[in-house]
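I have placed the structure first, in the form of structure tokens, so that the comments after it can refer back to it.
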Amino acid sequence: TDLHNIQLKPNAHLVFGGDSVDKGGRDLAFLHSLLDLKTRYPNNVHLLLGNRDINKMRIAAELAPNNWLPAELHPGVYWRQRANQDGGPATPATFLASQPPHLREDTLASRLKYMLQDNMGSPRAFELRRSELALESMNNEPVSDERVLESYLDSIQSGGCMRRYLEQAQLA
């Protein structure tokens, strides 16, 4: 979606209801376009925070080296510690065990995959981001897990598009 060409009529307002990422792909392009629209119409574009947006604040904290627990010691998120009724993984260790053998290493990228798939309700988000980065790539090389991880981390750092959205949006 390209919002760069949208013009608001005088006195018109746009209220974006949040949940800007994780479901449809092209998250980065959408965020950049939405932030551009907010910049051009600061008093007429109103951004609300959805749970998918707010959840991104967890990424920096949970992947920080001082918060890192090896998968086998990590209890999982508190809301998934009870018996899991949908059969999905409930801890990083059970998530890794459910992966093909070559994907069972406990890395920052695998932990992000666990977070998105298991407890952020975004099972396709990691691969959708990989696809978006591949579209932007000039060299047609495969996009590594580390590059996808870097993209998520960059987006929540100061000046990153997700961080800027979080800073400009409001709770409903």
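The values are calculated or read from the model by the stated rules, or taken from the named source; none is laboratory data. All values derive from a computational prediction rather than experimental measurement. Every residue, glycine as well, gets a Cβ built from its backbone with ideal geometry; the counts of neighbours run over all protein chains shown. Please note that ligands, DNA and RNA were not included when accessible areas were found on the heavy atoms of the full protein model with its side chains. Shrake-Rupley method; radii C 1.70, N 1.55, O 1.52, S 1.80 Å.
Table for the structure above
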read-out: Filter result (closer than 17 Å to Ile59 by Cβ, not charged (D, E, K, R) and not in a loop (DSSP other than H, G, I, E, B)) within region 12-37; value: Leu28, Leu31
read-out: Flag for Glu150 being of a type outside the set (A, V, I, L, M, F, W, C), part of a loop (DSSP other than H, G, I, E, B) and farther than 15 Å from Glu62 by Cβ; value: no
read-out: Residue list for region 137-172, restricted to those being in contact (Cβ under 8 Å) with a residue 60 or more places away in the chain and more than 13 Å from the chain's Cα centre (by Cα); value: Arg164, Gln168, Ala169, Gln170, Leu171, Ala172
read-out: Cβ pairs under 8 Å, 6+ apart, first in region 80-96 and of a type outside the set (Phe, Trp, Tyr), second assigned to a loop (DSSP other than H, G, I, E, B) and at pLDDT below 60; value: Ala90/Asn84
read-out: All positions within region 39-58 that are assigned to a loop (DSSP other than H, G, I, E, B) and touching a residue at least 60 places away in the same chain (Cβ under 8 Å); value: Leu49, Asn55, Lys56
read-out: Residue in region 48-93 that is surrounded by the fewest Cβ atoms within 10 Å (Cβ to Cβ), counting only those that are hydrophobic (A, V, I, L, M, F, W, C) and at pLDDT below 85; value: Ala83
read-out: Residue in region 101-116 that is within 26 Å of Met162 (Cα to Cα), outside any helix (DSSP H, G or I), of a type outside the set (S, T, N, Q) and modelled with pLDDT of 95 or more present; value: yes
read-out: Failed item in (1) under 19 Å from Ala61 (Cα atoms); (2) open to solvent by 50 Å² or more (accessible area, probe 1.4 Å), with Glu141 passing the rest; value: (1)
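Table: residues versus (1) under 21 Å from Ile54 (Cα atoms); (2) in contact (Cβ under 8 Å) with a residue 40 or more places away in the chain; (3) open to solvent by less than 60 Å² (accessible area, probe 1.4 Å); (4) among the aromatic types (Phe, Trp, Tyr).
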| position | (1), (2), (3), (4) |
| --- | --- |
| Ser98 | no, no, no, no |
| Asp106 | no, no, yes, no |
| Lys113 | yes, no, yes, no |
| Leu116 | yes, yes, yes, no |
| Ala125 | yes, yes, yes, no |
| Arg129 | yes, yes, yes, no |
